[in-house]
Amino acid sequence: MTLLERRVNRPRTREEARDTQQRRLLLAMAQLVGKNGYGDTSIAQVIERAGVSRKTFYEFFADKQACFLEAYAELSGLLVDTLVAEGERTGDDGRTEAQLRRYLEALSKDPLVARAFIVEVLSSGPKGLVAREAVNRRFADLVFAHTSEDAFVRKAIIGGVNDVVAGAILAGEEDFTPLLPKLTRFVLRKWS
């Protein structure tokens, strides 16, 4: 079960039902963008996959981009929280490798979502690029804070990690965990 799928529970109240509808829309958007590409994903496809009405879609989102960017923010937030917790649990000695392993495992569980958020976000327009910049900065500051005191270097590290993963995605790979040894060496390099 992926991080986003874990957030889609069986509703017990009306409020939970609305929350579940919204989460189904976010998951459908992420998976369809990963499968079809951002430009070739339509709202009609998203609502069909999520099993909600067009009216319900527009109660939550102004347009396709708003839905995609919320899905992007949701997953990114879940990943950052997961990786920060992994780092705290592991401690200094194995932190980098443990966090990278967890990151690669999470992406490998749903390669379509990985493609949507690492590759297709670049096609989602200027707002998507701004969102990506904010997410990369958050990853750099919260997940890779221990790698360098220099914020620029930390941001370059997450950019490098994501570029390697993007290359694997574009090559058709779905299991990103074999990248772990080389990425760990890259991140642990002494950056001055």
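The values are calculated or read from the model by the stated rules, or taken from the named source; none is laboratory data. Everything numeric in this text was worked out from a predicted model, so none of it was measured. Every residue, glycine as well, gets a Cβ built from its backbone with ideal geometry; the counts of neighbours run over all protein chains shown.
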Problem set entry | Subset of the stretch 60-71 [buried (at least 16 other Cβ atoms within 10 Å of the Cβ) and of a type in the set (D, E)] | E70
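Let's see how each residue does on (1) assigned by TED's automatic domain parsing to the domain that holds G172; (2) assigned to a helix (DSSP H, G or I); (3) at pLDDT 95 or above; (4) of a type in the set (S, T, Y):
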{"site": "S108", "(1), (2), (3), (4)": "yes, yes, yes, yes"}
{"site": "V130", "(1), (2), (3), (4)": "yes, yes, yes, no"}
{"site": "F139", "(1), (2), (3), (4)": "yes, yes, no, no"}
{"site": "T147", "(1), (2), (3), (4)": "yes, no, no, yes"}
{"site": "F152", "(1), (2), (3), (4)": "yes, yes, no, no"}
{"site": "I157", "(1), (2), (3), (4)": "yes, yes, no, no"}
Exercise. Touching a residue at least 12 places away in the same chain (Cβ under 8 Å), closer than 25 Å to R24 by Cα, out of contact with any Asp or Glu (no Cβ under 6 Å at 6 or more places or on another chain) and of a type outside the set (D, E, K, R) - does that describe any residue in the stretch 154-173?
Worked result: yes
Exercise. When the stretch 13-59 is examined, which residues are found to be more than 26 Å from L122 (Cα to Cα) and surrounded by 15 or more Cβ atoms within 10 Å (Cβ to Cβ)?
Worked result: D19, T20, Q21, V52, T56
Problem set entry | Within the stretch 49-67, considering residues that are without any contact (Cβ under 8 Å) to a residue 12 or more places away in the chain and part of a helix (DSSP H, G or I), the one nearest to Q31 (Cα to Cα) | A66
